[in-house]
1. Using 0.36 nm times the number of residues separating residue 105 and residue 72, minus their current alpha carbon distance, what extension gain do you get?
2. Could you list the chymotrypsin sites (Phe, Trp or Tyr not before Pro) in the stretch 34-98 that lie in coil according to DSSP, counting only those with at most 16 other Cβ atoms within 10 Å of their Cβ?
3. Subtract the Cα-Cα distance of residue 115 and residue 90 from 0.36 nm times their separation in residues, and report this length gain in nm to one decimal.
4. Do you know the relative contact order of the chain, to the nearest whole percent, from alpha carbon pairs under 8 angstrom that are 6+ apart?
5. For the chain, how big is Rg over Rh, using alpha carbon atoms and the Kirkwood form of Rh?
6. Given the pairs 69/93; 69/98; 69/113; 98/143, which span a C-alpha to C-alpha distance of over 24 angstrom in this model?
Amino acid sequence: MLKNRALIPDLRQGLADLDRKIAFCPLCYRALEQNGEKGAYCMLCRDTKRNSRQIAVVEKEADLQNLEKTGSYSGLYHVLSGLIAPLDPNSPKGLHLKELHERVNNLLEKERKCEIILATGTTTEGDMTALYIERILAPLKNKFPELKISRLGRGLSLGSELEYADEVTLKNALTNRK
């Protein structure tokens, strides 16, 4: 027991440093290590070779990394940091949905055309979140008919999590999105 108590100051310091060292990309909400710059974009958002007119909306960073592993997607991302829970009416408030709406609106004002890929899992929560996003983006779709909203193809089995899907399945789901 005494041996474990010696770790307490180190743990306390590690938690205190967490707020100072870890930040989120202000565009996609991906976690990144701060290098003294507040509000700096992550390497994916800074990459000018990526298709800025295509945004894959994912639940969590692990989903982003799995899509990246396929090598089939060269657009940008938007990390929701969760999904809508059917029995929790407050769950949409914790997601980056307002920021997504603003981001898409700004992109459409500038580019006039973009595609939003709803890359949520095929679970009840994933489907509900995708439907909710389609509804909040509907006014933008009415204003900008060039806005395309698609979902990953159903190469993923029903109820599966993107985090556990293999690269080939994800590649097929991305290719066959609708």
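1. Numbers: separation 33, 0.36 × 33 = 11.88 nm, distance 2.56 nm.
Length gained, residue 105 through residue 72: 9.3 nm.
2. 41
3. Working it through step by step, the gained length comes to 6.2 nm.
4. Worked out over the chain, it gives 19 percent.
5. Rg divided by Rh gives 1.03.
6. 69/93; 69/98; 69/113
Bear in mind that the values in this text are calculations on the coordinates, not laboratory data. Since we're looking at a predicted model, the values are computed, not measured. Methodologically, a virtual Cβ is constructed for each residue, glycine included, from the backbone with ideal geometry; neighbour enumeration extends over all protein chains shown.
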